[in-house]
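Down below is the structure, laid out as structure tokens.
Each value in this text was obtained by applying a stated rule to the coordinates, not by laboratory testing. What you see is a predicted model, and the numbers here were worked out from it, not measured in a lab. Every residue, glycine as well, gets a Cβ built from its backbone with ideal geometry; the counts of neighbours run over all protein chains shown.
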Amino acid sequence: MIRLSGKAITKRYGATRALDGLDLDIASGEIVGIAGPNGAGKSTLTRMLAGEETADSGEITLTRGDTVVDEVWRRVAVVHQEPHIWPNMTVEQNLAVGREGRWFGDITPEPVSAKAVLERLGIAGFAHHELADLSLAVQQRVEIARAMLSDADVYLFDEPNSALTEEESEALFATMAELAGSGKIVLLITHRLNDFVRCCQRILVLRDGRIRCEIRGAEISETSIAAQLTPAETAEREALPASARTAPKADGAPLLKLQSCSDRFGAFRDISLDLAPGRVLALSGVEGSGARELAQAMGAFRPFRDRSGQTFTTLDQASVAYLAASRRDTVFRNLSVGDNLASRLAGRSLGRLPPFIDPAKIDALAARAIKRYRVKTGGSHAPITSLSGGNQQKVVLGAAMEQGTDIIVIEEPTRGVDISSKADIYELLRDFAAQGRAVVVFCTEVQEIFDVADDVVVLSHGRIVGRVDMAGIATIPELADLLASYEAV
Amino acid sequence: AGVTVPDSAKTHTMPWGEFKLAPRIVEKLAKGEKANIVVGIEGTGLPIQGAEMRMGTAKGCETANTMLPADCRMVGPVNPDTTQQLAELETLLNSGQVDCLALQPPLPNQFTAIINKYAAAGIPVFTLNIDAPKAKRFAFYALNEVQAGTINGEETAKLVKAQGIDVKEIALGSGAPDQPWAQARMEGFIKGYKSVFPDAKFFNDAKSGIPTGKNFTTQEVLNSVTPFLTAHPEVTLFFHTDQGVEGVGNVIRNLKLGGKVFTSGFNVSGAILDSVGAGTTLVTIDQGFDNQAQAPVEQCAKYLTTGETPADPLQYLRPIVITQKGGDAQIDVDAARARLKAASN
Amino acid sequence: MAQSSSSLLGNQRVLNSLRTLGLALAIVLIAVIVQSQRPAFLSPENLLTLVRSMVALGMVACAQMLVILLGEIDLSVGAVYGLAATVTATLWLGGGSLPFTVPLLVALAAGLAMALVAGGINGFLTVRAGLPSFITTLGIMNVADGTSLLIGNATTFTPAYNDPLPPEWELDFFHGLGGALMRFDIPVETLWLVAAFILFWILRHRTVFGFRLLAMGGNPEAARVARLPLKKYKYAVFLLSSLMAGIAGILDFSYVGSVGPTQSSALSFQVIAAVVIGGASLNGGRGTIVGTLLGVVLLAMLNNGLALLGVGSFVQLLFIGLVTIAAVWLDLVSQKLIRSAGQRAARSGEAA
Amino acid sequence: MAQSSSSLLGNQRVLNSLRTLGLALAIVLIAVIVQSQRPAFLSPENLLTLVRSMVALGMVACAQMLVILLGEIDLSVGAVYGLAATVTATLWLGGGSLPFTVPLLVALAAGLAMALVAGGINGFLTVRAGLPSFITTLGIMNVADGTSLLIGNATTFTPAYNDPLPPEWELDFFHGLGGALMRFDIPVETLWLVAAFILFWILRHRTVFGFRLLAMGGNPEAARVARLPLKKYKYAVFLLSSLMAGIAGILDFSYVGSVGPTQSSALSFQVIAAVVIGGASLNGGRGTIVGTLLGVVLLAMLNNGLALLGVGSFVQLLFIGLVTIAAVWLDLVSQKLIRSAGQRAARSGEAA
Ligand SMILES: Nc1ncnc2c1ncn2[C@@H]1O[C@H](COP(=O)(O)OP(=O)(O)OP(=O)(O)O)[C@@H](O)[C@H]1O
Ligand SMILES: Nc1ncnc2c1ncn2[C@@H]1O[C@H](COP(=O)(O)OP(=O)(O)OP(=O)(O)O)[C@@H](O)[C@H]1O
Ligand SMILES: O[C@@H]1[C@@H](O)[C@H](O)OC[C@H]1O
Ligand SMILES: [Mg+2]
Ligand SMILES: [Mg+2]
């Protein structure tokens, strides 16, 4: 029996109380969920438990049977919200860092278990590829593999599946259940409430740096968690199913027309697609299906190749803003919140005399955006690195939307964003489209597709295998089944 | 119609032993092929020195060609770099591209080993500007630095006396105060000056010369000597060992200290001569970089065709002393200008 | 609450602006020490000398800071500094390896054009060919050095003693560029320095250009995602850097009154040192003009002070090394203190 | 599936190992060109000269590569190279500013100890004080230069002509360190180079130390979280770098037969250039010993080839600049080709 407990853990960053006298008591054998709005202190808690930072006060103890473990962090494995991996090393090498096992020779992880884990996560084929060349989803899986390979008592998963598809998540949960079954402590942090329902027996709700309540067993449901997450908001807004929404019919002239377009590296082939104004298009497909790459190409971040072999970008047809999945590639870590919000702007929005900027104007603009996108921050001058993951996502999303382009292309738009903000973001995206513009999202979560999209295009093996008009879809399971059936082709 | 190398050149007894000229050189000259005379200096891009030595090499080559067909070439790194210079010398040696070498090592005796290798390979070596007396070189062409410094000191002191200049303290400076040639000049200057004014007060000594910039540029001198003279009103005479003396003259002019503070030093340029003309620079010594390169090139040709080599290996060139009015063993500003023009055209 | 949080914001801004306090302190400290030993230090003459000695370093450092802000480096500035002056001199005065001469204004234009060409190539190779700028600019440094030696033939050029002597007005005009003295004996050159600092301050801190450089340098990948014109900006900073080096070379030529072959790497090194001392990060994304100014002042003052004190050259090296380290250390310590003071202030603000 | 993926693995590994192909190609190209002009190029004597000229550069570059792998830089190697030799010489031969002499072995130990002290200070200031290593090592470069001038008093030391002459066996031993010729006239120095390359190759590619350096340089933050001993490793690389510089200094002293005050920054510059040419990234996390070796060979061969060709020194600069750029460009192009081949292979492997 392993027991992890924390007493009165406090951590402050400047004026922010990230953890405010948090108490915790977890026993092995079950998967414990930690829910909480953005900035609640979840990631801070994992950092404290893993000993990556020290708490201002409070105590963390780990007991195994009757013995108290000395250096708790040695027995804790973490899957971080932002993968802590080595982009300059191969997948295999990444697994070996810190647990090389021997002093001389070719350093590789223990081959049998490494192979098993990689295969289980579906990335064995990339073993000798440098991580810099691979997508966020693969990087996230490498982070998971590292945790799986470590011999620990406590496993902390901080949004491990924010870039994984339904099936991939399923596999992950199965592994987590095995860990829990073998007597380990397993903690899961996520903003996909459905995940809690699927795999947790106990859920702790964290708000303002303290555990505010606990939901157990049969009480666990999406609505019950949601109610605890946003108790202040009396009228909980249900996301409208697409069938009930009134997106303009796809009748205006398309903003973008693709005819038999392919990718230079063969990620996708023969794509024909019209992007209609007023609509939100979701691209769906597993890693390697080409859907993500298609999104990048539509975002003018990757060249298209037309039938004659000519390369071109969507920028030739419309103005496009693009947002990558990994915050490593979207956040300017050396800038403040306000400057991040202004980073994509130019011209008069930054000052009265265009080449010159007016700091006051940036301040005003930032203040507006902070409100609009509900960013929890100490102010527009706070460094962006002081924000929680979800809040950083809101900032970069805001920056892209403020740019005012015809089309906005986003990978994983609400990655790490809490449920109440998600609804806001979907609304903002739909408003954006409603002005005769278009939104393209690539997402891995069915729920998200259901909540935001008007059309879905499904890719498999680089080709379009299905198109869905969301007007005809009434429930999430219905959508999930449909997508699965296309992907199985 | 080749050149026959005399026996006295094929083998020659030097103070350090027997020298045997490489048979390949004898053969190639006999066939009428050109002799490769190489001048290797410390820095081909050094201000004044680089350009003048190139002229000297060219002039020397003209004379050499009256004796035998010769190709003359100047090698060396652009700026002093011991390793690079050494590697280049080694490369030239083992590719057989040198038939006679005139060499300026970066430091005294520094290239002893490579000079000996050349000698062993049957290639005559002469040194210039900086010597390697321990090595198997034939002769050395340069100023005697201590002696030149002494002359500078004496002449400066004489002018000070003659003009009734009030010298309270004397400072010594150099672009490369760590280098032996610079220290030798400072040492000589002190000696020469003290021979006239035994009680002269020096701000520093030959080992602690004030650094004025290791690239010998005027910019650097301005930035270092200006504050120095500002802070040390008691220093009214500044001896500078190299081309930076131009900068010292500028500083005195800029600070409006003309008539109160004076300088002496080495080398010539338009600006230096102007300052000599204005009476601010009392003495400057033209080292005749052109002569330093010209002499060994000519000597190379002479040796290969006649087997003659100077009896005294120390072939000190006459320091060309320049003062405002000229005088005994001195030249005046106008003559110096004429010489400068000749040396750089 | 609103009041306290706004005072906090103000606070944070103040804190930001105090970033280079430690460096400023180090400079004051050195000044006090030198002054106590040599009262001539703070004399108007010496201050003028000091400022004058900063001209080339300062002008080139401002532009280099922008290059470094982008996470790049420009090692070629020293060589371009020499190239512009040598090309101008050779074309104007003759005596190098060119068989003709041209009027001064044409020669000046050609000198600056050469500088811009060097900058353009730096930009091209870094942007288009994707070479690390360390390699690009190291290569161009050698090429520029080689070119100026070939063109100028290692000659030393002195307009006032040239044969034939250039027309009077040309000599005057050229002298007027940098060397002429204004009232109180202030050389014209110093005006250029002041102008450069003001312009670069505005460019860095009050234009979209500067704002974006900061972003691009902080995270080039994010800049690519945000479709900021990274390439254009890279060209721009390399061109600016070369241009400033070229101008500085010509101004120094004018001030000194002559130009000869120079060893180019020294200036580049000093310039980069000044920028880094001034708090810029060689990884990009961090750097200010005020910091750069302080870095330049520190180096110039150190040289000036040591020259004033008349210490021997061996000891000077020791001092330069130790003081540079100490100054940057002091700066770092003070930054840490300021930051933790900021955190404490924030906490008490919250408690109130 | 299993089969195709395993063949793919093999494939990707091969591709990884081809990374510096372009550089090797450039070297071959230069060799062919020089050889066609000067048949002496590939003569055994010249190849020996070539290898000999790489000794100091190569030994110091190997260690510098490790520093750069960590995202740091060591500008002080040139100065430490001089310091170790000068300290050894002064202590052994006298004539500097120390009032006593010691036996050779003690002097050698002291010389190397001085180098290690310099490295230790570099490490301390970078790790403990958190100064950017650019500043730290720039400072220590000046301090080391100053120290060796003070200790050696700018004297040129020549063991063979020293007064008093050291005992015969000391002279022999010292000469044997680097200068003595073995069979086929191979200088002992070259053995050191070979040994250094082998040792550093093992260290970098076949030990946990090298593996972790790679990780730490690639993502220091992740390395911190993974509790890798970043600080210890930083100390280690700075110490190694200084040690190699010290050894190289002493070996060159032995080979050249004398040592005097030298200009130190040149070696540092060359060393860093070689490492970067060899594909290492100044941002850390990228760099191999083979690449470094190729960088060293490129620079040495360029100097050797140009000397053989007998081009003037001004033109040499031009060539060095251009060829360096071209070689790195070629390397980059070939890398891109290799990488996109890899991507395509990955794609098809995935599809399979
Ligand atoms: N390094 C830091 N400096 C300042 N404030 C910080 C820092 N790290 C976290 N915070 C603050 O602490 C609070 C808790 O952050 P934390 O990252 O733990 O939230 P979270 O619950 O993980 O949120 P999310 O769901 O968005 O990931 C936030 O208000 C955040 O702004
Ligand atoms: N097709 C594309 N694929 C990937 N990235 C692109 C594409 N087009 C533009 N970008 C990115 O957008 C940024 C700005 O575009 P670009 O590189 O063309 O620079 P620019 O200076 O704006 O040039 P131009 O004047 O041609 O617009 C670049 O950093 C580039 O990475
Ligand atoms: O006169 C000096 C010369 O002898 C030395 O070799 O280089 C610098 C010159 O100033
Ligand atoms: Mg978080
Ligand atoms: Mg463009």
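Cα to Cα, under 23 Å, and not fewer than 8 places away if on the same chain: which lysines meet these conditions relative to B:Lys191?
Output for B:Lys191: B:Lys158, B:Lys161, B:Lys168, B:Lys201, B:Lys207.
Based on a Kirkwood Rh over C-alpha pairs, give the Stokes-Einstein translational diffusion coefficient of the range A:2-234 at 37 °C and viscosity 0.692 mPa s in µm²/s.
179 µm²/s
Placing +1 at every Lys and Arg Cβ and -1 at every Asp and Glu Cβ, with all other atoms neutral, what dipole size does chain C have around its Cα centre, in debye to the nearest 20?
Taking the Cα centre of chain C as origin, the dipole is about 1680 debye.
How large is ³J(HN,Hα) for each residue in the range D:125-140, as worked out from phi by the Karplus curve 6.51 cos²θ - 1.76 cosθ + 1.60 (θ = phi - 60°), to whole Hz, x for Gly and Pro?
Using θ = phi - 60°, the values come out as 5, 6, 7, 6, 7, x, 6, x, 5, 4, 5, 3, 6, 5, x, 5 Hz.
Per DSSP H run of n ≥ 4, the term is -39500 (n - 2.57); total these for chain A, divide by its residue number, and report the mean residue ellipticity at 222 nm rounded to 500 deg cm²/dmol.
Counting only the DSSP helices, I get -9000 deg cm²/dmol.
Considering chain B as a Gaussian network with a 10 Å cut-off on Cα pairs, which listed residue, B:Ile41, B:Ile272, B:Ile331, attains the greatest mean-square fluctuation?
Among B:Ile41, B:Ile272, B:Ile331, the largest mean-square fluctuation in the Gaussian network model of chain B belongs to B:Ile331.
Taking every residue in D:240-253, how many Cβ atoms of other protein chains lie within 10 Å of its Cβ, on average?
Taking the mean over all residues of the peptide, I get 0.
Under 5 Å between amide hydrogens, which residues at least 5 positions from B:Thr127 or on another chain qualify, with H placed 1.01 Å from N in the peptide plane?
Result for B:Thr127 returns B:Leu103, B:Phe138, B:Ala139, B:Phe140, B:Tyr141.
Need one value for C:28-39: mean number of C-beta atoms belonging to other chains within 10 Å of its residues' C-beta atoms.
1
Determine ³J(HN,Hα), in whole Hz, for all residues of the range B:93-107 in sequence, where each value follows from phi through the Karplus function 6.51 cos²θ - 1.76 cosθ + 1.60 and θ = phi - 60°; x replaces Gly and Pro.
Residue by residue, the range B:93-107 yields 4, 7, 9, x, 9, 10, 10, 7, 10, 10, 10, 10, x, x, 9 Hz.
Between the alpha-carbon centers of the range A:8-76 and the range B:274-345, tell me the distance in whole angstrom.
Answer, in whole Å: 84.
Using the 10 angstrom Cβ neighbour count as an exposure proxy, how do C:Thr90, C:Thr137 rank, fewest first?
Listed from fewest to most nearby Cβ atoms, that is C:Thr90, C:Thr137.
Give the peptides B:43-54, A:302-313 in descending order of average Cβ contacts within 10 Å, highest first.
Highest mean packing first, the order is B:43-54, A:302-313.
Which value, in debye to the nearest 20, describes the size of the charge dipole of the protein assembly as shown about its Cα centre when Lys and Arg Cβ atoms bear +1, Asp and Glu Cβ atoms bear -1, and nothing else is charged?
I would put it at about 1380 debye.
For B:Lys31, give me every one of the lysines with a C-alpha distance below 24 angstrom, ignoring sequence neighbours fewer than eight places off in its own chain.
B:Lys10, B:Lys20, B:Lys302
Please say if chain D is rounded, prolate or oblate, where rounded means a/c under 1.5 for a ≥ b ≥ c the square roots of the C-alpha gyration tensor eigenvalues, and otherwise the choice is prolate for a/b larger than b/c and oblate otherwise?
Oblate, because a/c is 1.5 or more while a/b does not exceed b/c.
Considering only the range A:2-234, what is the antiparallel percent among its DSSP beta bridges, to the nearest 5?
Of the beta bridges lying entirely in the range A:2-234, close to 60 percent run antiparallel.
Tally the DSSP beta bridges in chain A and give the antiparallel ones as a percent, rounded to 5.
Around 55 percent of the beta bridges assigned by DSSP in chain A are antiparallel ones.
Take the alpha carbon atoms of the range D:253-323, find their center, do the same for the range B:13-47, and report the distance between the two centers in whole angstrom.
So the two Cα centres are separated by 29 Å.
List every residue whose amide H lies under 5 Å from the amide H of A:Ala321, counting only residues 5 or more places away in sequence or on a different chain, with H placed 1.01 Å from N in the peptide plane.
Amide H to amide H, under 5 Å and 5 or more residues apart or across chains, A:Ala321 pairs with A:Ile407, A:Ile408, A:Val409.
Per DSSP H run of at least 4 residues, take -39500 (n - 2.57); add these up for chain B, divide by its residues and hand me the 222 nm value, nearest 500 deg cm²/dmol.
Helices in chain B give a 222 nm mean residue ellipticity of -13500 deg cm²/dmol.
Around B:Phe266, which amide H atoms from residues at least 5 apart in sequence, or from another chain, sit under 5 Å from its own amide H, with H modelled in the peptide plane?
B:His240, B:Asp242, B:Val245, B:Ile285
How high is the FRET efficiency between C:Ile202 and C:Phe173 when r is their beta carbon distance and R₀ equals 22 Å, given to the nearest 0.05?
It comes to 0.20.
Apply the a/c threshold of 1.5 to the C-alpha gyration tensor of the protein assembly as shown and tell me whether it is rounded, prolate or oblate.
Because a/c hits 1.5 or more and a/b exceeds b/c, the protein assembly as shown counts as prolate.
Can you work out the Karplus-derived ³J(HN,Hα) for every residue in the range B:62-70? Use 6.51 cos²θ - 1.76 cosθ + 1.60 with θ = phi - 60°, whole Hz, and x for glycine or proline.
Going residue by residue, I get 4, 4, 4, 5, 6, 9, 7, x, 9 Hz, with x marking Gly and Pro.
Quick check on packing: order B:23-30, A:92-99, D:125-132 by the mean number of other C-beta atoms within 10 Å, highest mean leading.
So the peptides B:23-30, A:92-99, D:125-132, ranked by packing, come out A:92-99, D:125-132, B:23-30.
Residue farthest toward the positive end of the dipole of the protein assembly as shown, with Cβ of Lys/Arg at +1 and Asp/Glu at -1: which of B:Thr11, A:Ala324, C:Ser241?
A:Ala324
Can you pull the one-decimal nm distance between simple spin-label points at D:Ala109 and A:Asp56, each 7 Å off the Cα toward Cβ?
5.4 nm
When a/c reaches 1.5 or more, the comparison of a/b and b/c decides; with that in mind, is the range B:180-255 rounded, prolate or oblate per its Cα gyration tensor?
oblate
Rounded to the nearest Å, what's the spacing between the alpha carbon centres of the range A:432-469 and the range B:56-98? Just the number, please.
Comparing the Cα centres of the range A:432-469 and the range B:56-98, I get a distance of 75 Å.
To the nearest 0.05, what FRET efficiency results for A:Ala8 and A:Ala367 with a Förster distance of 35 Å applied to their C-beta separation?
With R0 = 35 Å, the Cβ-Cβ based efficiency is 0.50.
Residue farthest toward the positive end of the dipole of chain A, with Cβ of Lys/Arg at +1 and Asp/Glu at -1: which of A:Ile123, A:Gly33, A:Ile60?
Toward the positive end, the furthest listed residue is A:Ile60.
To the nearest 20 debye, what is the magnitude of the charge dipole of chain A about its Cα centre, counting +1 on the Cβ of each Lys and Arg and -1 on the Cβ of each Asp and Glu?
With Lys and Arg at +1 and Asp and Glu at -1, about 1220 debye.
For chain D, what does -39500 (n - 2.57) per DSSP helix run (n ≥ 4), summed and divided by total residues, give at 222 nm, in deg cm²/dmol to the nearest 500?
Helices in chain D give a 222 nm mean residue ellipticity of -25500 deg cm²/dmol.
Can you compute the FRET efficiency between A:Asp424 and C:Arg128 using 1/(1 + (r/R0)^6), with r the Cβ-Cβ distance and R0 = 41 Å? Round to the nearest 0.05.
0.45
Calculate how many DSSP beta bridges within the protein assembly as shown are antiparallel, expressed in % of all such bridges and rounded to the nearest 5.
Given both bridge residues lie in the protein assembly as shown, the antiparallel proportion sits at roughly 45 percent.
Modelled label-to-label distance, A:Gln435 and A:Ser272, 7 Å Cα→beta-carbon offset: nm?
For the pair A:Gln435/A:Ser272, the computed spacing is 3.3 nm.
Please build a GNM for chain C, connecting alpha carbons under 10 Å apart, and tell me which residue among C:Leu322, C:Leu282, C:Leu50 fluctuates the most.
In the Gaussian network model the winner is C:Leu322.
Shortest first and in nm with one decimal, please list how far the D:Gly176 label point sits from its counterparts in the other copies (point 7 Å along Cα→Cβ).
7.5
Would you work out which of D:Ser76, A:Ser336, B:Gly270 lies farthest towards the positive end of the dipole of the protein assembly as shown? Charges go on Cβ: Lys and Arg +1, Asp and Glu -1.
With unit charges placed on the Cβ atoms, the residue in question is A:Ser336.
Go through the cysteines of the protein assembly as shown and tell me which have no other cysteine Cβ under 4.7 Å away.
A:Cys199, A:Cys200, A:Cys213, A:Cys261, A:Cys443, C:Cys62, D:Cys62
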